[in-house]
Amino acid sequence: MMNGSRICRILLYFLFFRATLCQRSYFDPKINITEMFMMGDDVNNGFNMNDDQIVKFIKPLDRGPYFDTSATKNVTSLVGKTGHLNCRVRNLGNKTVSWIRHRDLHLLTVAESTYTSDQRFTSIYNKQTGDWSLQIKFPQLRDSGVYECQVSTTPPVGYTMIFSVVEPITSIPGGPELYIDLGSTVNLTCIVKHLPDPPLMVHWTHNNQEINYDSPRGGVSVITEKGDITTSYLLIQRAQISDSGRYSCMPSNANAKSVNVHILNGDHPAAVQGANSFVGLSLNALVFIMVFAHV
């Protein structure tokens, strides 16, 4: 009958045999499973490895520098607002990190030194997080594109990121021509996106004149909701023919946007367009007649 010591030795042999596959992939290849068995002070007394022998056995392979891919690969910045591309490198050792712009394969930085005449580009190292950030000051639309964080291994390894620069956009849905029935409510919506801060004011004009919300006409009001996307609503109740014209939305820190409003008295847009076409045709015919008569 096998005693407890022999049973334990058999189980250990089985476990270490199964561990061989793991050893080949992840541990120091200088030691094999046979050598490990011979490390004991006395094979008959089990496996009595000392601390140095254990450390030698479990020492993992050095995989070299690698990238922490949890950081986002897509970065968006506003025109003129400083942007940062963050590259987190693990186990860097004595290697260096460079930033390269793919558009022209231009070397921008090496370590914390800038290698371009464009001083808007700077490399910043954060010792606490291991981040190597490419800082881009006053970015412009032309700075959009692919940038690569590269480590000086042999061969070099890199991590690419996409940098997008956007500018504020002002829009009025439904424009540039809007047709409104006489007596109904005109609702003009102005949407402003991609602003670093909400506009202090959103002005509305009618035929280049600022709208007076306290005019005797009455029924004209504006509602503005500020945020990452600012929306301003111009409401004109009981639309009149005199309300026709060009309306402009003018945010204090973005481009203006305009729309032409046509108040229809029973006409349809197609009829209005047809009348305009007829006027154009009549003028052309009149010019032709005058030329023919002169000849």
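The values are calculated or read from the model by the stated rules, or taken from the named source; none is laboratory data. What you see is a predicted model, and the numbers here were worked out from it, not measured in a lab. Because the Cβ atoms are built from the backbone with ideal geometry, glycine has one as well, and the counts that use them run over all protein chains shown. Keep in mind that these areas ignore ligands, DNA and RNA; they rest on the heavy atoms of the full protein, side chains included. Shrake-Rupley method; radii C 1.70, N 1.55, O 1.52, S 1.80 Å.
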| Just a yes or no: is a residue in the stretch 198-209 open to solvent by 70 Å² or more (accessible area, probe 1.4 Å), over 30 Å from Glu225 (Cβ atoms) and part of a loop (DSSP other than H, G, I, E, B)? | no
| query | Which strands (runs of 3 or more DSSP E) sit wholly inside the stretch 121-167 and have at least 2 residues that are touching a residue at least 60 places away in the same chain (Cβ under 8 Å)? | reply | 145-151, 157-166
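Kindly indicate which of Val272, Val295 is closer than 19 Å to Leu182 by Cα, outside the structural domain of Leu178 (by the TED database), at pLDDT below 90 and not basic (Lys, Arg). Explain how you work it out, then say what you get.
Working: Val295 fails: closer than 19 Å to Leu182 by Cα.
The unique qualifying residue is Val272.
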| The lone exception for Tyr213 - which of (1) in contact with a Ser or Thr (Cβ under 9 Å, 6 or more places away or on another chain); (2) in contact (Cβ under 8 Å) with a residue 12 or more places away in the chain; (3) open to solvent by 70 Å² or more (accessible area, probe 1.4 Å) it fails | (2)
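Name every residue in the stretch 113-124 that is surrounded by 13 or more Cβ atoms within 10 Å (Cβ to Cβ) and of a type outside the set (Gly, Ala, Ser), in order of residue number.
Restricting attention to the stretch 113-124, the residues satisfying the condition of being surrounded by 13 or more Cβ atoms within 10 Å (Cβ to Cβ) are 114-116, 120-124.
Thr114, Tyr115, Thr116, Arg120, Phe121, Thr122, Ile124, listed by residue number.
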| Residues (open to solvent by 60 Å² or more (accessible area, probe 1.4 Å) and at negative phi) located in the stretch 87-112 | Arg88, Arg90, Asn94, Lys95, His102, Arg103, Asp104, His106, Leu107, Glu112
| Filter the stretch 244-266 for residues that are open to solvent by 80 Å² or more (accessible area, probe 1.4 Å) and assigned to a loop (DSSP other than H, G, I, E, B); which is modelled with the lowest pLDDT? | Asn265
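In this structure, is Lys127 loosely packed, with under 13 Cβ neighbours inside 10 Å and either at negative phi or among the basic types (Lys, Arg) (or both)?
Details: loosely packed, with under 13 Cβ neighbours inside 10 Å: yes; either at negative phi or among the basic types (Lys, Arg) (or both): yes.
For Lys127, the condition - loosely packed, with under 13 Cβ neighbours inside 10 Å and either at negative phi or among the basic types (Lys, Arg) (or both) - is met.
To keep it simple, each residue is scored yes or no on (1) over 19 Å from Leu92 (Cβ atoms); (2) open to solvent by 40 Å² or more (accessible area, probe 1.4 Å); (3) touching a Phe, Trp or Tyr at 6+ places or on another chain (Cβ under 9 Å).
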{"residue": "Asp143", "(1), (2), (3)": "yes, no, yes"}
{"residue": "Cys149", "(1), (2), (3)": "no, no, yes"}
{"residue": "Val165", "(1), (2), (3)": "yes, no, no"}
{"residue": "Ile172", "(1), (2), (3)": "yes, no, yes"}
{"residue": "Pro176", "(1), (2), (3)": "yes, yes, no"}
{"residue": "Thr189", "(1), (2), (3)": "yes, no, yes"}
{"residue": "Val192", "(1), (2), (3)": "yes, no, no"}
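Yes or no, residue by residue, for (1) farther than 30 Å from Pro155 by Cα; (2) open to solvent by less than 40 Å² (accessible area, probe 1.4 Å); (3) at pLDDT 85 or above; (4) not assigned by the TED database to the domain that holds Lys137:
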residue: Met36; (1), (2), (3), (4): yes, yes, no, yes
residue: Asn45; (1), (2), (3), (4): yes, no, no, yes
residue: Pro60; (1), (2), (3), (4): no, no, no, yes
residue: Thr72; (1), (2), (3), (4): no, no, no, no
residue: Lys81; (1), (2), (3), (4): yes, no, yes, no
residue: Leu85; (1), (2), (3), (4): no, yes, yes, no
